[in-house]
Amino acid sequence: MPTIGIADTTFARYNMGRAAIDEIQKNVSVQIKRVTVPGIKDLPVAAKKLIEEEGCDIVMALGMPGAQQKDKMCAHEASQGLIMAQLMTNTHIIEVFVHEDEGKDEKELAFLMDRRTREHALNVIKLLFKPEKLVREAGTGQRQGFEDAGPLRM
Amino acid sequence: MPTIGIADTTFARYNMGRAAIDEIQKNVSVQIKRVTVPGIKDLPVAAKKLIEEEGCDIVMALGMPGAQQKDKMCAHEASQGLIMAQLMTNTHIIEVFVHEDEGKDEKELAFLMDRRTREHALNVIKLLFKPEKLVREAGTGQRQGFEDAGPLRM
Amino acid sequence: MPTIGIADTTFARYNMGRAAIDEIQKNVSVQIKRVTVPGIKDLPVAAKKLIEEEGCDIVMALGMPGAQQKDKMCAHEASQGLIMAQLMTNTHIIEVFVHEDEGKDEKELAFLMDRRTREHALNVIKLLFKPEKLVREAGTGQRQGFEDAGPLRM
Amino acid sequence: MPTIGIADTTFARYNMGRAAIDEIQKNVSVQIKRVTVPGIKDLPVAAKKLIEEEGCDIVMALGMPGAQQKDKMCAHEASQGLIMAQLMTNTHIIEVFVHEDEGKDEKELAFLMDRRTREHALNVIKLLFKPEKLVREAGTGQRQGFEDAGPLRM
Amino acid sequence: MPTIGIADTTFARYNMGRAAIDEIQKNVSVQIKRVTVPGIKDLPVAAKKLIEEEGCDIVMALGMPGAQQKDKMCAHEASQGLIMAQLMTNTHIIEVFVHEDEGKDEKELAFLMDRRTREHALNVIKLLFKPEKLVREAGTGQRQGFEDAGPLRM
């Protein structure tokens, strides 16, 4: 049975890890390993440890960057680290970041954090069990959390 | 027979992977391995896995960064990761990114995504089979998707 | 007995290392290794050496980036290095940076540097001894130094 | 006999590789290995392959970043990659980039591309054969392509 | 006897390497290895080679980034490379950069380049021989070249 790692943060204002686990368990039988770290810059090494020390086959890295300019920089650094962690392990880490200023109010922000997490949980399942499904969706303008953009009209 | 890897995304609004494969198969006999991932930040590890786990001799990484500022940052992170993946494998990964705001409308954007993908597919073939052709084109202002700039007039 | 590394700087205008050690020793019995370097860009290698040469199980990297634009760039470079050091060692390095312009005056800045350092010292203790406590705090909007943002109201 | 690697691009609008080779051959007897790649982001792996697979003792990475903002970002990514390639090989790669907007017209741009390439070719020769000459030029405000700035007047 | 590496540039307009060596030799008996490279982007690999091929125990990387926006980017890339070089060698490289626009005129700039270099030479000596002195200076707002900021007044 494959193992999915879940890494989230105490900084985020919505329990993204719980949403991810709920969505995964609704859909497939897998082993799940979960860790929570303080902030998004702690996610890269947490994800790498889930892969190398806990045997995870894929990881979801869940976070909510703040709305200030310096938070955007943190998100950039975390993303660079998550890409590097993937290259060092040859393992996918699906980054699910919802910026605090993406929602027009707290309710929409929570909705977006829940929905984007769940839609990416489904991507994780496809990467793990049905990668050919993703090939069939190539170039179709999929979005997570918002409406899909769809393929270009020509 | 050499193997060309193709990695594209479900985020893109045009099937760049199909265009690449079509162009390659029109021109040469090679083995092709294709994967599709959710977004451009998933491309670096996908390309590295194609090289190290699927034996690809070269990879095309195809994506369409969105038009917002944060999408530009994603493209930057993906590009850094693709360069790092190349350095870790001593293997070329040809990045073909078309920004969503490069076309004046959906039709032009689709045209550009198709044409840039196909022109870079030809570069991949040259790198693999006829690198001396590229030396003959050195400094001639080649562009992919748009008109060539041409050499400087002196 | 686990070992916690503390790396701080002579550039900072508050003795963050002393505050961290004080908070840790109030709460747990651990071995502590402390180094001080000139500036925040010297922290990544200092932290890595604490892990690899001094046997630290986790490190706190404490610094006060200056208020100018070029100081922000230094902070960015230091953060990237700290993330890389973590990935190279599979060990957490908790970055505690307080920007010189975060406080409205010197008194508030000192207060913030002391408080954020101490609150992150408690995170370090949780990561080391009680990681399940962090999971219980997932998505609760924890902040260090300022008031917690709290979970989203829906 | 040492080997100098030359990597340039088809994107550039002046044959920088030819200028480099001409200048080197006027001055020293060395073996030269040349490759041409599509764009500047392909230079890091090309340079690393010249070092590790073709036995080059030093490499010149020659390119002309475009004038748009996104081209500046490509140049940044290429530069980061070239520095990383050097660190991975303990070998100098001399980057010679001339931005398309550095010349006031095409003629000046071509002049600059030729001259900067040739002046850096001389630096490569010094690094390889006479590093003590560079020590004698330390702090003298050398520039490649433009007039030297010279040492500060006190 | 420990070995200190000195890497500086021909681009700089003041002989920073000579100032560093003079200050070091006034204070301690060490072996010194000096190299000069064209620009600051050549410093990371030069410093790494000093450590790995010349046996240096610590390195000073001395440079003067130019005043234009693109020079700032070069400084950023060089700094990232210097941090990476440190992480790859577990050895400190003290970066001493003086931006060309930091002085109000050439005289002040030269003064600043000399003074910052010398003050960091003293940091290098402390790191090598008396690291406990740096711990005693933790949080005291040390600056190199300008007046110290001093500890915060509470």
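The values are calculated or read from the model by the stated rules, or taken from the named source; none is laboratory data. Everything numeric here is computed off the predicted structure, so don't read it as measured data. Neighbour counts are summed over all protein chains in view; Cβ atoms, including those assigned to glycine, are modelled from backbone coordinates with ideal geometry. Just the protein is used for accessible areas: all its heavy atoms, side chains included, with ligands, DNA and RNA removed. Shrake-Rupley method; radii C 1.70, N 1.55, O 1.52, S 1.80 Å.
Among the residues that make up the stretch D:100-109, is at least one of them hydrophobic (A, V, I, L, M, F, W, C) and touching a helix residue (DSSP H, G or I) at 6+ places or on another chain (Cβ under 7 Å)?
So the first thing to find is which residues in the stretch D:100-109 are hydrophobic (A, V, I, L, M, F, W, C), and the list is D:109.
Next cut, touching a helix residue (DSSP H, G or I) at 6+ places or on another chain (Cβ under 7 Å) only: none.
Among the residues of the stretch D:100-109, not one is hydrophobic (A, V, I, L, M, F, W, C) and touching a helix residue (DSSP H, G or I) at 6+ places or on another chain (Cβ under 7 Å), which makes the answer no.
Looking at C:V37, C:V59, can you tell me which residue is within 21 Å of C:M113 (Cβ to Cβ), β-branched (V, I, T) and either open to solvent by 30 Å² or more (accessible area, probe 1.4 Å) or within 13 Å of chain A (Cβ to nearest Cβ) (or both)?
Numbers: C:V37 fails: either open to solvent by 30 Å² or more (accessible area, probe 1.4 Å) or within 13 Å of chain A (Cβ to nearest Cβ) (or both).
Checking each option against the conditions leaves just C:V59.
Taking the stretch B:98-147, which residues are in a loop (DSSP other than H, G, I, E, B) and in contact with a Ser or Thr (Cβ under 7 Å, 6 or more places away or on another chain)? Let's see the steps before the verdict.
The first filter runs over the stretch B:98-147 and keeps only residues in a loop (DSSP other than H, G, I, E, B), leaving B:98-105, B:130, B:137-147.
Of everything in the stretch B:98-147, those that are in a loop (DSSP other than H, G, I, E, B) and in contact with a Ser or Thr (Cβ under 7 Å, 6 or more places away or on another chain) turn out to be B:E137, B:A138, B:T140, B:Q142.
Which condition from (1) at the interface with another protein chain (Cβ under 7 Å from one of its Cβ atoms); (2) touching a Gly at 6+ places or on another chain (Cβ under 6 Å); (3) touching a residue at least 60 places away in the same chain (Cβ under 8 Å) is the one that E:E100 breaks?
Going through (1) at the interface with another protein chain (Cβ under 7 Å from one of its Cβ atoms); (2) touching a Gly at 6+ places or on another chain (Cβ under 6 Å); (3) touching a residue at least 60 places away in the same chain (Cβ under 8 Å) one by one, E:E100 breaks only (1).
Would you check if there is a residue in the stretch C:108-116 being more than 17 Å from the chain's Cα centre (by Cα), over 23 Å from A:I6 (Cβ atoms), more than 7 Å from every other protein chain (Cβ to nearest Cβ) and modelled with pLDDT of 95 or more? Let's see the steps before the verdict.
So in the stretch C:108-116, the residues more than 17 Å from the chain's Cα centre (by Cα) come out as C:108.
If we keep only those that are over 23 Å from A:I6 (Cβ atoms) as well, we get C:108.
Subset that is more than 7 Å from every other protein chain (Cβ to nearest Cβ): C:108.
Still in the running and modelled with pLDDT of 95 or more: C:108.
Within the stretch C:108-116, one or more residues are more than 17 Å from the chain's Cα centre (by Cα), over 23 Å from A:I6 (Cβ atoms), more than 7 Å from every other protein chain (Cβ to nearest Cβ) and modelled with pLDDT of 95 or more.
Looking at the stretch C:126-154, which of its residues are of a type outside the set (S, T, N, Q), more than 7 Å from every other protein chain (Cβ to nearest Cβ) and either touching a strand residue (DSSP E or B) at 6+ places or on another chain (Cβ under 8 Å) or open to solvent by 20 Å² or more (accessible area, probe 1.4 Å) (or both)?
C:K126, C:L127, C:L128, C:F129, C:K130, C:E132, C:K133, C:R136, C:R143, C:F146, C:E147, C:D148
Taking the stretch E:34-69 only, how many residues are in contact (Cβ under 8 Å) with a residue 60 or more places away in the chain, under 16 Å from E:M1 (Cα atoms) and within 14 Å of the chain's Cα centre (by Cα)?
Going residue by residue through the stretch E:34-69, those that are in contact (Cβ under 8 Å) with a residue 60 or more places away in the chain are E:57-58, E:60.
Add one more test, that the residue is under 16 Å from E:M1 (Cα atoms), and what stays is E:57-58.
Restricting the remaining residues to those that are within 14 Å of the chain's Cα centre (by Cα) gives E:58.
Here the count works out to 1.
Specify the residue that is farthest from C:E95 (Cα to Cα); the eligible residues are those in the stretch A:1-29 that are of a type in the set (A, V, I, L, M, F, W, C) and open to solvent by less than 20 Å² (accessible area, probe 1.4 Å).
Checked the stretch A:1-29; the qualifying residue farthest from C:E95 (Cα to Cα) is A:I24.
Taking the stretch E:97-145, which residues are among the charged types (D, E, K, R) and in contact with a Pro (Cβ under 8 Å, 6 or more places away or on another chain)?
So the first thing to find is which residues in the stretch E:97-145 are among the charged types (D, E, K, R), and the list is E:100-102, E:104-108, E:114-116, E:118-119, E:126, E:130, E:132-133, E:136-137, E:143.
E:E100, the sole residue that qualifies.
Is it the case that E:K107 is open to solvent by 50 Å² or more (accessible area, probe 1.4 Å) and either in contact with a Cys (Cβ under 6 Å, 6 or more places away or on another chain) or within 17 Å of D:I83 (Cα to Cα) (or both)?
Values: open to solvent by 50 Å² or more (accessible area, probe 1.4 Å): yes; either in contact with a Cys (Cβ under 6 Å, 6 or more places away or on another chain) or within 17 Å of D:I83 (Cα to Cα) (or both): no.
For E:K107, the condition - open to solvent by 50 Å² or more (accessible area, probe 1.4 Å) and either in contact with a Cys (Cβ under 6 Å, 6 or more places away or on another chain) or within 17 Å of D:I83 (Cα to Cα) (or both) - is not met.
Kindly indicate whether C:R18 is facing chain E (nearest Cβ under 9 Å) and in a loop (DSSP other than H, G, I, E, B).
Working: facing chain E (nearest Cβ under 9 Å): yes; in a loop (DSSP other than H, G, I, E, B): no.
In short, no.
Among residues belonging to the stretch D:40-49 that are out of contact with any helix residue (DSSP H, G or I) (no Cβ under 7 Å at 6 or more places or on another chain) and at the interface with chain B (Cβ under 7 Å from one of its Cβ atoms), point out the one that is surrounded by the most Cβ atoms within 10 Å (Cβ to Cβ).
Initial filter on the stretch D:40-49 (out of contact with any helix residue (DSSP H, G or I) (no Cβ under 7 Å at 6 or more places or on another chain)): D:42, D:46, D:49.
Imposing the further condition that a residue be at the interface with chain B (Cβ under 7 Å from one of its Cβ atoms) reduces the set to D:42, D:49.
Numbers: D:D42: 28, D:K49: 22.
By that ranking, first place goes to D:D42.
Residue check: is D:D71 surrounded by fewer than 21 Cβ atoms within 10 Å (Cβ to Cβ) and part of a helix (DSSP H, G or I)? First the steps, then the outcome.
Working: surrounded by fewer than 21 Cβ atoms within 10 Å (Cβ to Cβ): yes; part of a helix (DSSP H, G or I): yes.
Judged against the criteria, D:D71 is a match.
Considering each of C:E52, C:E95 in turn, give the residue that is touching a Ser or Thr at 6+ places or on another chain (Cβ under 7 Å), facing chain A (nearest Cβ under 10 Å) and open to solvent by 10 Å² or more (accessible area, probe 1.4 Å).
Values: C:E52 fails: facing chain A (nearest Cβ under 10 Å).
Going through C:E52, C:E95 in turn, just one is touching a Ser or Thr at 6+ places or on another chain (Cβ under 7 Å), facing chain A (nearest Cβ under 10 Å) and open to solvent by 10 Å² or more (accessible area, probe 1.4 Å): C:E95.
Determine the pairs where a residue that is farther than 12 Å from E:T140 by Cβ, located within the stretch C:9-33, has a partner that is open to solvent by 60 Å² or more (accessible area, probe 1.4 Å) and part of a helix (DSSP H, G or I) with Cβ atoms under 8 Å apart, the partner being 6 or more residues away or on another chain.
That search, which allows pairs on different chains as well, returns C:E23/C:L122; C:N27/C:L122; C:V28/C:F129; C:I32/C:Q25.
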